[in-house]
Amino acid sequence: NGHTSLRYMEKVAQDWSDRGITTVEAAKSHIKRFDVYRPILKAFGITSRQPSEQEIEHMERWLYQYGLSLDLVVEAASRTLSKTGKPAFNYAESILKNWADRQVRTLEDVSRLDDAFISKQAAGNATPSPLTPRQPKGTFHTYNTRDWDFDSIERRAQNQLFTQDHL
């Protein structure tokens, strides 16, 4: 991987020994496994390190247990990064589990789900979904505002003042 530090190579050798990797073929197989993860990690914005064991478990579940394509996993990772601003594997897990449950197999399937969600949202029946990033509300207030008729209030106040002055 372009590392020239003897300390790094020693750590890798120790890790491989701990994993029982003792042949060139086993080492190549182990390294090849990381080639699958690289595009996913890149979509998460991770370029300077190897994945942790927990991250590997997530990626293997997505690819092998759920049977999702690398394109779908990369898309979910990109959506996660744009929504959360960080590589949140649990957030991506919710997206990918949802897609797996809905039998999503292609990016076109994702596009159809996005279109259906947008149509449902436009109809006013939308519920929050991890399928597409939600847009910010745009205002600080999360409560319904009052619909005051200030002209009417002003007229009533003037009438009260006028009637009190003439009493």
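With the requirement that a residue be under 26 Å from S17 (Cα atoms) and surrounded by 13 or more Cβ atoms within 10 Å (Cβ to Cβ), what does the stretch 34-43 give you?
Answer for the stretch 34-43, where residues must be under 26 Å from S17 (Cα atoms) and surrounded by 13 or more Cβ atoms within 10 Å (Cβ to Cβ): F34, V36, Y37, R38, L41.
Pairs under 8 Å by beta carbon, first residue farther than 19 Å from H30 by Cα and open to solvent by less than 20 Å² (accessible area, probe 1.4 Å) in the stretch 44-66, partner among the polar types (S, T, N, Q) and assigned to a helix (DSSP H, G or I), six or more apart or different chains?
That search, which allows pairs on different chains as well, returns F44/T80.
Results for (1) under 31 Å from the mean Cα position of the chain (by Cα); (2) polar (S, T, N, Q); (3) outside any helix (DSSP H, G or I), shown as yes or no for each residue.
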| residue | (1), (2), (3) |
| --- | --- |
| T4 | no, yes, yes |
| R7 | no, no, no |
| E25 | no, no, no |
| G45 | yes, no, yes |
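With respect to Y91, is the statement that it is in a helix (DSSP H, G or I) and within 30 Å of A13 (Cβ to Cβ) true?
Here the answer is no, as Y91 does not meet what is asked.
I need every pair where a residue in the stretch 1-16 that is of a type in the set (F, W, Y) has its Cβ under 9 Å from the Cβ of a residue that is surrounded by 11 or more Cβ atoms within 10 Å (Cβ to Cβ), sequence separation at least 6 or different chains.
So the pair list comes out as W16/A26; W16/A27; W16/H30.
The values are calculated or read from the model by the stated rules, or taken from the named source; none is laboratory data. Owing to the predicted nature of the structure, the values given are computational and were not obtained by experimental measurement. Ideal geometry is used to build each Cβ from the backbone, glycine not excepted, and the neighbour counts take in all protein chains shown. For accessibility, only protein heavy atoms count, side chains too; no ligands or nucleic acids. Shrake-Rupley method; radii C 1.70, N 1.55, O 1.52, S 1.80 Å.
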